[in-house]
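Each reported figure results from applying straightforward, stated rules to the coordinates on display, with no laboratory input. Everything numeric in this text was worked out from a predicted model, so none of it was measured. Don't worry about glycine lacking a Cβ; one is built from the backbone with ideal geometry, like all the others, and counts go over all protein chains shown.
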Amino acid sequence: MAGAHAWAVSLRAVYKRFGVREVLRGVTLDVVPGQSVVIMGSSGSGKSVLLKHLVRLLLPDQGEVWVLGQRVDQLEGEALDRLRLSIGYLFQSGALFDSMSVYENLDFLLERHTTLSRAERRDRILETLNWVGLRHTATQYPAELSGGQRKRIALARAIILEPKLLLYDEPTTGLDPASVRAVAELIVRLRDERGITSVTITHDLLCAEIIADHVHFLHEGRILLSGTFEALRRADHPALRNFFGS
Amino acid sequence: MPTKPEVEQGFPVRAPEPIGRTWMMRIGSLVLFMGRFFREVWRPPYEVRELVRQMDEAGSKSFVLTAAAGIAIGVVLAMQSRGTLARFGAEAVLPNMLALSVFKEIGPVITSLVLAGRLGAGMAAEIGSMRVTEQIDALEVAALKPFHYLVIPRVLACMVMFPILTTWTNMIALAGGYVESVISANMDFRLFWNSAFSSLRFADLLVDTFKTSVFGFLVGIVSCYLGYTVRGGTREVGQAAMQAVVLSSLLILLADVIIVRLSLFLFGGL
């Protein structure tokens, strides 16, 4: 078995508790570079908490969190900032800055983290908006966009700094099937065209089926089963049967 | 042991605590937040553009409101004092009394309370809604230091703008008093203003105007703290906005007593 630093993401016996509630109870998983990994589980199973550990929005009570060869739970200051700049994070709500236009949302990151000129930034922003199919929304504000459009703009913001790893927190929640498919296909294109490793947490079966190379099923704070989407769908376990509705 | 991440600072998710203990924890947490401000304010990145934007937000949009407060203070104070002073044959000292009352106490406190209402609620609500919609987390994971971007410029803007707006309000209040004096007693322009400023010492102006910088700090830090540590949804954001006004108003009054006592000790009374 390879060392933790060889994986794109590696969690080793991660525990997390909030007050009396134990959310993660020894989660261990590895993500191969270039793969699209999906972590599934019912609501309240600790999926979002797990994802937040990968960018050090939360610290584990116990265990190790490795991302792109670095131990995130021990990183501080500039080293942490550098690592975070290699990670794109798509929030469940989109988390677009609502006082800024779509263009400003993207430019905000480029202006602060790159040395690109104004014209170069403009080109990169329009190219990225074009890639998500929403170039025409550049001057609009997040409140003026539909749910699906907000997700795609949030995805554009997540990739604007050309990250090596993308984390998706429920990327298709609340979207209609057509929008689910559109967002899921963008995620697949990012893996295929740019070779970006991704970790997605979702309970959306359609999305998971389209994007997953490998699936981990989180149940009661532990990884219950790992494998392909089809293997998990056919697995004979009450929690999985209940989840897949079979 | 690494420091706690942003999202775990302030109020961690935990089981309900007894009310007294919760309040003690909140006060402790606020003190830590203030400590963090003084630690981080010297460190880059320096968000100068955001500071200017916040000064504009706090300052230029408050001029009309504070001017209205100033006129009311000046006119009402002059009207109410005139009769009493006339009874003792001391109507001539009205400008001195007006200037002393306005510059030393009423102007700074009323202006700060008015600004606490306008700015405190706005800051707590804006930052609180950014917290519950994960925008602060988005800043954090994009290595954009939300404390530097959201908290420090707002607190500094309050510290700079409160004395400026207080001076403005004081002058408007005196002007209001002058207008009342012209209407009621046809007072001479030069006599009024010479008389008003003859009773003020430089130390009074300095201490009593710049104590509002402390009030500005309290309004800024309390409001940002309450917004930054919101957990929940829109209801909690609304509560944070309301608490920001109440708590910063109480702290202004408390700080006023302490600063006046200190200034009397250092510079002596009139």
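Please order A:Leu225, B:Leu77 by the number of other Cβ within 10 Å, starting at the fewest. Please report the intermediate quantities before stating the final value.
Values: A:Leu225 16, B:Leu77 21.
Starting with the residue having the fewest Cβ neighbours, the order is A:Leu225, B:Leu77.
Can you list the HN-Hα couplings for the stretch B:36-49, worked out from phi with the Karplus curve (6.51, -1.76, 1.60; θ = phi - 60°), rounded to whole Hz and with x for Gly and Pro?
Ordered by residue, 3J(HN,Hα) equals 5, 4, 5, 6, 7, 4, 7, 9, x, x, 9, 8, 5, 5 Hz.
Would you mind pulling out the separation of the Cα centroids of the stretch A:27-42 and the stretch A:85-139, in Å?
First find each Cα centre; the distance between them is then 27 Å.
Over all alpha-carbon pairs in the stretch A:97-155, figure out the percentage whose distance exceeds 18 Å.
Values: 461 of 1711 pairs.
That tail contains 27 percent of the Cα-Cα pairs.
Counting Lys and Arg as +1 and Asp and Glu as -1, each charge on the Cβ, what is the dipole of chain A about the Cα centre in debye, to the nearest 20?
Using Cβ point charges on Lys, Arg, Asp and Glu, chain A gives about 200 debye.
Principal axis lengths of the stretch B:153-270 from Cα atoms, whole Å, largest first?
Between the extreme Cα coordinates on each principal axis of the stretch B:153-270 lie 60, 36, 23 Å.
log₁₀ I(q)/I(0) of chain A at q = 0.08, 0.10, 0.13 Å⁻¹, via Debye over equal Cα point scatterers, no solvent, to two decimals?
The Cα Debye sum returns log10 ratios of -0.30, -0.48, -0.81.
Once the cut-off is 24 Å, how many percent of the Cα-Cα pairs in the stretch B:46-267 end up in the long-distance tail? List each step's numbers first, then the result.
On the way: 12009 of 24531 pairs.
It works out to 49 percent of all Cα pairs.
If one takes the longest principal axis of the Cα atoms in chain B, at what angle in degrees, from 0 to 90 and to the nearest 10, does the Cα axis of helix B:202-228 lie?
30
Give the long-range amide H neighbours of A:Val9: residues separated by 5 or more places, or on another chain, with amide H under 5 Å away, using H modelled in the peptide plane at 1.01 Å from N.
Answer set, sorted by chain and number: A:Val31, A:Leu68.
Which Cα, out of B:Ala255, B:Phe267, B:Val52, lies furthest along the positive dipole direction of the stretch B:46-267 (beta carbon charges, K/R +1, D/E -1)?
Value: B:Phe267.
Among A:Gly148, B:Phe33, A:Val31, whose Cα projects farthest towards the positive end of the dipole of the protein assembly as shown, with charges put on the beta-carbon of Lys, Arg (+1) and Asp, Glu (-1)?
B:Phe33
Within the protein assembly as shown, count lysine pairs with alpha carbon atoms under 28 angstrom apart where the residues are 8 or more positions apart or belong to different chains.
Lysine pairs meeting the criterion: 22.
List, in order, the whole-Hz ³J(HN,Hα) value for each residue of the stretch B:23-35 obtained from phi through the Karplus relation with A = 6.51, B = -1.76, C = 1.60 and θ = phi - 60°; use x for Gly and Pro.
3J(HN,Hα) across the stretch B:23-35, in whole Hz: 5, 4, 5, 5, 5, x, 5, 5, 4, 5, 5, 5, x.
Provide the per-residue ³J(HN,Hα) series for the stretch B:76-91, in order, calculated from phi with Karplus coefficients 6.51, -1.76, 1.60 and θ = phi - 60°, each as a whole number of Hz, with x at glycine and proline positions.
Per residue, the Karplus-derived 3J(HN,Hα) values read 5, 4, 5, 5, 6, 7, 4, x, 5, 5, 5, 4, 9, x, 10, 4 Hz.
Which whole number in µm²/s is D for the stretch A:43-117 by Stokes-Einstein, with the Kirkwood Rh taken over Cα pairs at 37 °C and 0.692 mPa s? Walk me through the numbers on the way to the answer.
Values: Rh = 14.4 Å.
In µm²/s, the coefficient rounds to 228.
Of all chymotrypsin sites (Phe, Trp or Tyr not before Pro) in the stretch B:33-103, which ones are in loop regions per DSSP and have a Cβ with at most 15 other Cβ atoms within 10 Å? Mind showing how you got there, number by number?
Numbers: sites: B:Phe33, B:Phe37, B:Phe38, B:Trp42, B:Tyr46, B:Phe63, B:Phe88, B:Phe103; in loops: B:Trp42, B:Tyr46, B:Phe88.
Sites meeting the loop and neighbour criteria: B:Trp42, B:Tyr46, B:Phe88.
Among A:Lys164, B:Lys104, which comes first, second and so on when ranked by fewest other beta-carbon atoms within 10 Å?
Working: A:Lys164 18, B:Lys104 21.
Listed from fewest to most nearby Cβ atoms, that is A:Lys164, B:Lys104.
With everything on Cα atoms, drop me the angle between helix B:121-132 and the longest principal axis of chain B, reported from 0 to 90° to the nearest 10.
Helix B:121-132 and the main axis of chain B meet at about 10 degrees.
Classify the protein assembly as shown as rounded, prolate or oblate from the Cα gyration tensor: take a ≥ b ≥ c as the square roots of its eigenvalues, call it rounded if a/c is under 1.5, otherwise prolate when a/b beats b/c and oblate if not.
Because a/c hits 1.5 or more and a/b exceeds b/c, the protein assembly as shown counts as prolate.
Taking the beta-carbon count within 10 Å as an exposure proxy, list A:Tyr141, B:Tyr225 from fewest neighbours to most. Don't skip to the answer; put the middle values down first.
Details: A:Tyr141 16, B:Tyr225 27.
Listed from fewest to most nearby Cβ atoms, that is A:Tyr141, B:Tyr225.
Quick check: Cα centre of the stretch B:147-168 to Cα centre of the stretch A:152-220, how many Å?
The two parts, judged by their Cα centres, are 42 Å apart.
Considering only DSSP beta bridges whose two residues both sit in the protein assembly as shown, what percent are antiparallel, to the nearest 5?
On the way: 20 of 38 bridges.
Counting only bridges with both partners in the protein assembly as shown, antiparallel ones make up about 55 percent.
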